[in-house]
Amino acid sequence: MKTFKYLAFILLISLSVSCGPNSGQKKNYFSIKTNAVKGNISVDQTLKLSIENKKGHTLDSVTYTLSGTPIESSFDLKNYKLGKHSLEATVYFNGEEKEMVGSSITILNDQSPKLFKYEIINEYPHDITSYTQGLEFYNGKLYESTGQYKESKLRQVDYKTGEVIQNINLADAYFGEGITILDDKIYQLTWRAGMGFVYDVNSLEKLSSFKYGKSKEGWGLTYHDGKIYKSDGTENIWLLNPETLVEDDKIQVYTNKGKIIGINEMEWIDGTIYANRYQKDGVAIINPKNGAVIGVIDFTPLKKKVTQHKGLDVLNGIAYNPETKTIFVTGKRWDKLFEVKIIEE
């Protein structure tokens, strides 16, 4: 009998709590309405928001956020980043109640990418065994990172002759990826180990290592104006603090049609990011402020100009030489390095 009374007492308490005014039960009285078409909206439009009031409650006020940033019910998107964003509203109603509702929108670019051509200025020898992942000029010298387990390297090369000036091999457990250089330090990614390395640019001595945070894999790196840009194989390009190497922010790479994934080796050129795409023999030109693909370069014909062999793979490796003001590109296990000039169609 005592057991029965005890259970009845617990049940009574549970019912009184669950039926109380602050029970936290999901209400679903409201939903967010937007002018996005199937969730998509162009960056040149004004986002217009309203609340669908399913039960006819008296609304006191509504506040909105877009990816955590407070916005008004009419919001101009022209200076906003592209990509998928969370949309939330807090609805205050009936004098003292409130409900939080969520949705999402995808902001697309308002223009299709421009098409660019290229002109070959010079061809130089390149190590046919190098599975090129990163390419970078620094103080007139060319540095290269290569991939594949048990084959990954970091090296300085004479780009005119192909001669290897300095070389270090990564441990067999690491698959080398992209590099960037600043303040006489080389930053090198690895693919799936969740770790990158820092080297002295002159001796190639390893100075330290760092772990990834939000960006799970290492693909490409570039640097400009106090920020390191890191790709991870998705549509995301992460902005890293160069002191802590923590991902402070990100952009998402989008066209006027949708996202572009497989962002790989990157290079900062004339205020834009040039990015190889994995398994594509082309380069996307990206606006680093909002992630918009503003141009595309088709380098497909270059692959036919190198020695055809079983291990030949796609275009990867792009570097800007500030001394010549020209761009250098190569590929995975290509025996040539091409110096090119970009031409708008």
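The values are calculated or read from the model by the stated rules, or taken from the named source; none is laboratory data. Small disclaimer: the values here were computed from a predicted structure and weren't measured. FYI the Cβ positions are ideal-geometry reconstructions off the backbone, even for glycines, and counts take in every protein chain you see. Surface accessibility is based on the protein's heavy atoms, side chains included, excluding ligands, DNA and RNA. Shrake-Rupley method; radii C 1.70, N 1.55, O 1.52, S 1.80 Å.
Here GLU151 and LYS257 are evaluated by their C-beta separation; at R0 = 35 Å the FRET efficiency comes out at 0.40. Could you tell me the relative contact order of the chain? Use alpha-carbon pairs under 8 Å, at least six residues apart, and round to a whole percent. It rounds to 15 percent for the chain.
Given +1 at the Cβ of Lys and Arg, -1 at the Cβ of Asp and Glu and no other charges, the dipole of the stretch 29-174 around its Cα centre is 300 debye to the nearest 20.
According to the Cα-based calculation, Rg over Rh for the chain is 1.15, with Rh computed by the Kirkwood formula. Projected label points at LYS48 and ASP110, each 7 Å from Cα along the beta carbon direction, are separated by 1.6 nanometres.
The C-alpha atoms of the chain define a longest principal axis, and helix 2-18 lies at about 70 degrees to it.
In the chain, taking the dipole from charged Cβ atoms about the Cα centre, the farthest positive-side position among TYR118, ASN264, ILE41 is held by ILE41. For the stretch 187-342, the normalised intensity computed at q = 0.10, 0.16 Å⁻¹ comes to -0.36, -0.94 (log10 of I(q)/I(0), Debye sum over alpha carbons, equal scatterers, no solvent). Accessible area per residue for the chain is 51 Å², calculated with a 1.4 Å probe on protein heavy atoms, without ligands, DNA or RNA. Dipole magnitude for the stretch 140-233: computed about the Cα centre from +1 point charges on Lys and Arg Cβ and -1 point charges on Asp and Glu Cβ, it is near 300 debye. Projecting the Cα atoms of ILE32, PHE75, THR90 onto the charge dipole of the stretch 29-126 (Cβ charges, centred on the Cα centre) puts ILE32 farthest toward the positive pole.
Over its Cα atoms, what ratio of radius of gyration to 2.2 N^0.38 Å does the stretch 289-345 give?
Values: Rg = 13.1 Å, N = 57, 2.2 N^0.38 = 10.2 Å.
In units of the globular-protein estimate, the stretch 289-345 measures up at 1.28.
Taking amide H as placed 1.01 Å from N in the peptide plane, the amide H of LEU182 sits under 5 Å from that of TYR187, each at least 5 places away or on another chain.
Do the alpha carbons of any pairs in LYS54/LYS214; LYS305/LYS341; LYS81/LYS206; LYS160/LYS304 sit beyond 26 Å of each other, and which pairs?
On the way: LYS54/LYS214 38 Å; LYS305/LYS341 17 Å; LYS81/LYS206 36 Å; LYS160/LYS304 21 Å.
Over 26 Å apart, Cα to Cα: LYS54/LYS214; LYS81/LYS206.
With viscosity 0.692 mPa s and temperature 37 °C, the Kirkwood radius over alpha carbon pairs of the stretch 187-274 converts through Stokes-Einstein to a diffusion coefficient of 244 µm²/s.
Taken over the Cα atoms of the stretch 196-247, the convex hull encloses 83 Å³ per residue.
Neighbours of GLN45, meaning other residues whose beta-carbon lies under 15 angstrom from its beta-carbon, give a summed charge of 0 when Lys and Arg score +1 and Asp and Glu score -1.
Rounded to whole numbers, the Karplus 3J(HN,Hα) couplings from phi for the stretch 294-302 are 9, x, 9, 10, 9, 9, 3, x, 5 Hz, using 6.51 cos²θ - 1.76 cosθ + 1.60 with θ = phi - 60°, and x at Gly and Pro. Determine which aspartates and glutamates satisfy two conditions relative to LYS289: a Cα distance under 19 Å, and not lying fewer than 8 residues away in the same chain. Of all the aspartates and glutamates, those that pass the test against LYS289 - Cα under 19 Å, at least 8 places apart if same chain - are ASP44, ASP76, ASP110, ASP225, ASP232, GLU235, GLU247, ASP248, ASP249, GLU265, GLU267, ASP270. With a Förster radius of 45 Å applied to the C-beta separation of GLN166 and THR63, the computed FRET efficiency comes to 0.20.
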